[in-house]
Amino acid sequence: MSDRSQLIETGVPFTFDAQRDAEFERLVKRYPTRESMILPALWLAQEQEGWISAEAIGYIADRIGTFASQVFEVATFYTMYNLHPMGKFHICVCRTLSCYLLGKQEIVDYLKRELGIKPGEVSKDGQFSLEEVECLGHCGTAPVVQVNGEFYENMNVDKLKELLATLK
Amino acid sequence: MAEKVKLFVNGQDVEVESGKNLIDAIGAVGIEIPHLCYHPALGADGNCRMCLVGIEDGRPPLVPACKTMAVEGMKVQLDTDKIKKIQRDIMELELINHPIDCPICDQAGECKLQDYYMEYDGQKSRMTVPPVAKAKHMDFGAGVVHDQERCVLCARCVRFTRLITKTGELGIVNRTDSARVTTFPGRPLANRYALNVVDLCPVGAMTSKDFRFKQRAWFLAKSESLCHGCSKGCNIYIDHNKEKYKDDIIYRFRPRLNQQVNGYFICDEGRMTYKLENDNRLNVAQVAGKETSVNEAVENVRRVFSQAKKIVMLISPNCSLEQMQAVKKLATANNAVVSGYSDGYIKTGDGDLFLIQDDKSANRAAFGLLGLDSSKAGFESALVEADLVISFQNDLCRSLDDADIAKIQDKAKIVYIGSYKDGLGEIAAITLPVAAYSEDTGIIINADNILQQYDVAVRKNDPAIDLLQIVTLLGGEFKNREEVLTDLSATIAALNNIDLKHIPSEGIALTDKEVSNVAA
Ligand code: SF4
Ligand code: SF4
Ligand code: FES
Ligand code: FES
């Protein structure tokens with residue numbers, strides 16, 4: 001996992017739009033404590049902006065009434081939260097044990113070469129972003145790649161070539 | 001006394017207190033269970049796994065000692081091969097990405113990672129890949145500097161800000177080998193107890209900006225004392241060192257456990273008052289603005305003392321109980337008035353519900369015990385006829401403005417006998433330096449009526465005379481501190497049954513009946 005703690009500050013205050021605001025209020029009633037809203041609130045922010053800024057994390061912490069450090073922890077723990085604007089195609093490669101042993105490095109190296117970016121970066125044209133992530137829960141069919149949330153299993157470089165060709 | 005339970009530790013019978021976890025219970029009888037994340041003030045987090053022990057009763061093979069309570073008859077194994085292997089493995093994991101920069105690390109010499117490596121590990125590194133690089137010397141605010149690479153992720157610091165100060169500035173972000181402690185952008189450490197994370201950190205990841213690189217831990221003499229920053233009287237260690245050809249210098253204060261007073265912590269302001277002990281000391285005697293020897297100043301004080309018609313003795317709420325009693329008796333014998341007027345030492349509204357008190361003096365409660373008046377009215381009426389005001393450590397400039405002091409100077413001589421470069425010392429007709437509390441022995445009573453004793457910590461090359469001696473030189477009836485203590489026990493009802501010569505280190509709680517004084 002790359003360091004995700006360098007948050008991006010937009011300089012613009014964040015607030016939920018009317019729709020997310022209503023959704024927040026609807027969800028908050030479901031939980032015994034307000035801290036439970038950290039995960040859903042981060043999803044709402046990501047849904048709204050496509051990614052989560054420092055301002056969004058601060059806003060969520062204050063809105064829930066918890067420490068910003070705690071929301072910061074959760075946001076950086078789960079690689080599914082985007083902490084910077086993503087490419088049109090966001091590619092995640094699992095780097096945990098099963099995938100590691102079954103050759104995730106070849107896949108990462110190939111993608112680095114092919115896309116000209118390192119994990120944690122976005123290509124200049126905004127088409128692709130790459131991330132190494134922790135176990136995606138599909139260890140039985142390792143190595144695993146995810147594109148915009150969809151799984152591609154038993155991956156190898158050849159299959160990846162085909163897959164990339166379809167991403168336009 | 002808490003109830004005792006009997007355990008079998010490594011096959012041996014030991015008696016320990018019940019209601020404690022195995023680390024504390026067994027630790028209290030001198031058997032160490034290594035641990036990184038557990039701290040008695042922060043509870044068991046169970047994240048480091050260094051404390052795994054075996055219990056022979058059919059439960060899972062190994063359990064964390066921090067989360068296991070001592071119960072009667074428990075058979076605890078601490079030294080099986082399996083446990084030793086786990087301890088070694090955990091140490092190896094902790095050290096994979098550790099920079100091992102002990103030669104430039106403040107913690108060296110008092111570091112759990114060093115100690116445990118020597119005790120439980122001792123193997124060579126098997127790592128052939130470069131360690132994960134993280135951020136170094138991050139300024140976290142409040143004088144705390146963090147090194148992410150040295151951190152073992154025990155979360156003590158994080159839990160301190162969430163559970164104790166409830167300010168929650170710190171968090172552990174990322175996961176796996178990328179995990180690290182940090183603050184949220186724009187929300188640095190900002191609480192009045194932040195420097196406690198430096199003491200809590202078992203390694204050198206949290207350092208104090210003030211102390212960094214000043215001294216190696218093993219050169220410091222660690223003397224027990226009491227903070228005089230406010231009326232809480234927190235228990236501290238004075239860490240000091242007298243380098244060759246130099247004077248005895250204090251490098252830091254650290255909290256010292258006293259469950260009855262401050263628990264495991266102290267406030268940052270109090271911690272920094274060590275600077276006053278080094279740098280703000282009055283060390284030259286002055287008569288009429290001219291430097292003189294201490295002897296000459298003493299002679300001058302004796303002369304004005306014997307010539308004065310009406311004397312006001314102004315005593316500081318920072319003086320020890322013995323000093324107060326000696327001054328009180330001196331006053332009675334000379335038909336003088338004693339006043340403890342010191343409103344300027346109280347910062348109303350500054351205190352909190354944890355440790356910090358409004359009253360920035362250490363021993364005001366003793367005024368009540370000895371029946372010393374500290375009201376402004378009392379002081380003013382005493383002044384009416386006075387032609388001499390002798391201040392014992394009391395910096396009147398904190399309570400009165402220049403104009404008021406000038407009015408006093410018009411009719412009376414001011415003598416200042418004190419330890420610090422205070423306002424009053426600068427304008428007094430005679431200024432006489434005496435030992436500060438870090439160089440002296442004395443008793444103070446805190447805001448909660450707990451009576452405690454501090455002892456000589458620092459020994460200066462050129463030791464200052466102590467205040468009790470000055471009182472003796474002015475004709476006071478006591479020849480030494482022992483005599484004052486005997487007198488206090490005999491004449492003060494609340495102290496009748498207290499052995500002032502042997503005060504236990506946790507102090508003695510006086511009941512409310514015994515001390516009726518409340519801050520003025
Ligand atoms: S900085 Fe120190 S106290 Fe905080 S998590 Fe790291 S090792 Fe533990
Ligand atoms: S709370 Fe008061 S006595 Fe305790 S450390 Fe702070 S100033 Fe010193
Ligand atoms: S290890 Fe890659 S999906 Fe679990
Ligand atoms: S002290 Fe028990 S797990 Fe860390």
Averaged over A:94-101, how many beta carbons belonging to a partner chain fall within 10 Å of each residue's beta carbon? 0
Which GluC sites (Glu not before Pro) does segment A:4-75 hold that lie in a coil by DSSP with at most 16 other beta carbons within 10 Å? A:9
Buried accessible area for the B:A pair, summed, 1.4 Å probe, in Å² rounded to 100? 1700
In degrees rounded to 10, the 0-90 angle between helix A:157-166 Cα long axis and the longest Cα principal axis of chain A is 60
Interface residues in segment B:167-190 - accessible area drops by 20 Å² or more relative to the isolated chain, probe 1.4 Å: B:168, B:172, B:173, B:174, B:175, B:176, B:177, B:178, B:180, B:184, B:185, B:187
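Of the listed pairs B:309/B:407; B:4/B:67; B:275/B:376, which have alpha-carbon separations greater than 24 Å here?
B:275/B:376
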Filter B:290/B:479; B:84/B:112; B:222/B:242; B:214/B:242; B:209/B:232 down to the pairs with a C-alpha to C-alpha distance above 20 Å, please. B:290/B:479; B:209/B:232
Starting from the exponent 0.38 and prefactor 2.2 Å, build the expected Rg for segment A:89-166 from its residue count and divide its actual Cα Rg by it. 0.98
Any GluC sites (Glu not before Pro) in segment B:412-501 that lie in a DSSP loop and have at most 14 other Cβ atoms within 10 Å would be B:477
I need the calculated FRET efficiency for the pair residue B:473 and residue A:28, taking r as the beta carbon distance and R₀ as 51 Å, to the nearest 0.05. 0.10
In nm, to one decimal, how far is the modelled label at residue A:100 from the one at residue B:343, with both set 7 Å along Cα→Cβ? 6.9
What part of the accessible area of the protein assembly as shown, given as a whole %, is carbon or sulfur when the probe is 1.4 angstrom? 52
Distance in nm between pseudo-label sites at residue B:272 and residue A:135 (7 Å out along the Cβ direction from Cα): 4.7
At a Förster radius of 22 Å, what calculated FRET efficiency corresponds to the Cβ-Cβ distance of residue B:4 and residue B:57, to the nearest 0.05? 0.65
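For chain B, what is the accessible area per residue in Å², given a 1.4 Å probe and the full set of protein chains? It would help to have the intermediate numbers written out before the result.
Values: 22820 Å² over 520 residues.
Spelled out: the 1.4 Å probe surface of chain B, per residue, equals 44 Å².
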So if I take the alpha carbon set of segment B:218-279, get Rg, then get Rh from the Kirkwood formula, what is the Rg over Rh ratio? 1.00
Using a Cα-Cα cut-off of under 29 Å, which lysines could be cross-linked to residue A:159, ignoring same-chain neighbours fewer than 8 residues away? A:88, A:104, A:112, A:118, A:124, A:168
Can you work out D for chain B in µm² s⁻¹ from Stokes-Einstein, where Rh is the Kirkwood radius over C-alpha pairs, the temperature is 20 °C and the viscosity is 1.002 mPa s? 83
What residues does segment A:67-81 have that are buried by at least 10 Å² of accessible area in the full protein assembly compared to the chain on its own, 1.4 angstrom probe? A:67, A:68, A:69, A:70, A:72, A:73, A:76, A:77
Output the 0 to 90 degree angle, nearest 10, between the alpha-carbon long axis of helix A:18-28 and the longest principal axis computed from the alpha carbons of chain A. 80
Using the Cα atoms of chain A to build a convex hull, what is its mean projected area in square nanometres? 10.7
With angles folded into 0 to 90 degrees, how steeply does helix B:294-307 sit against the dominant principal axis of chain B? Use alpha carbons for both and round to 10. 40
Along the Cα→Cβ direction, 7 angstrom out, place labels at residue B:403 and residue B:126. What is the inter-label distance in nm? 8.1
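The values are calculated or read from the model by the stated rules, or taken from the named source; none is laboratory data. On a predicted model such as this, the values are computed, not experimentally measured, just so you know. FYI the Cβ positions are ideal-geometry reconstructions off the backbone, even for glycines, and counts take in every protein chain you see. Please note that ligands, DNA and RNA were not included when accessible areas were found on the heavy atoms of the full protein model with its side chains. Shrake-Rupley method; radii C 1.70, N 1.55, O 1.52, S 1.80 Å.
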